[in-house]
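To start, the structure under review is shown below, and the notes come after it.
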Amino acid sequence: MPMPDDQCDIAIAQYTIGQKYTRELREEVRALANGPQVRPAGPKHPITYDLRPRRINLVTDVDGIIVGIKCG
């Protein structure tokens, strides 16, 4: 089912769970998502709290491993 234009599609990035976050991986997800913003979020990646529903957040643990994905 397609996502509304005002929300991200986290299914695009599900394959990244368990991988180490890299800028290259971020750009790969951005390309698959056709351009919405993608950013890391976690202990080593401080974030702002401006809500952008189309943005994909790659949630990392302390070792930089992607453990989850969220919109916003």
Next item on the list: Rounded to the nearest Å, what's the spacing between the alpha carbon centres of the range 5-31 and the range 47-67? Just the number, please.
Entry: 10
Note to self: Counting only helical runs of four or more DSSP H residues, what would the 222 nm mean residue ellipticity of the chain come to if each run contributes -39,500 (n - 2.57) and the total is spread over all its residues?
What the structure shows: -4000 deg cm²/dmol
Checklist line | Between helix 23-32 and the chain: long-axis angle, C-alpha atoms, 0 to 90°, nearest 10 | finding: 20
Checklist line | Listed residue (Q19, P53, L32) projecting farthest to the positive dipole end of the range 10-71, Cβ model | finding: P53
Notebook entry, point to check: What does the charge dipole of the range 10-71 about its Cα centre add up to, to the nearest 20 debye, if the Cβ of each Lys and Arg holds +1 and the Cβ of each Asp and Glu holds -1?
Noted result: 200
Checklist line | Counting DSSP beta bridges with both ends in the chain, the antiparallel % (nearest 5) | finding: 65
Margin query: Expected output is a single nm value to one decimal: the length gained when fully extending between I17 and K44, i.e. 0.36 nm times separation in residues minus the C-alpha distance. What is it?
Written below: 8.0 nm
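Coordinate-derived values only; no laboratory data. For clarity, every value in this text was computed on a predicted model and none was experimentally measured. Here the Cβ is made from the backbone with ideal geometry for all residues, glycine too, and neighbour counts use every protein chain on show.
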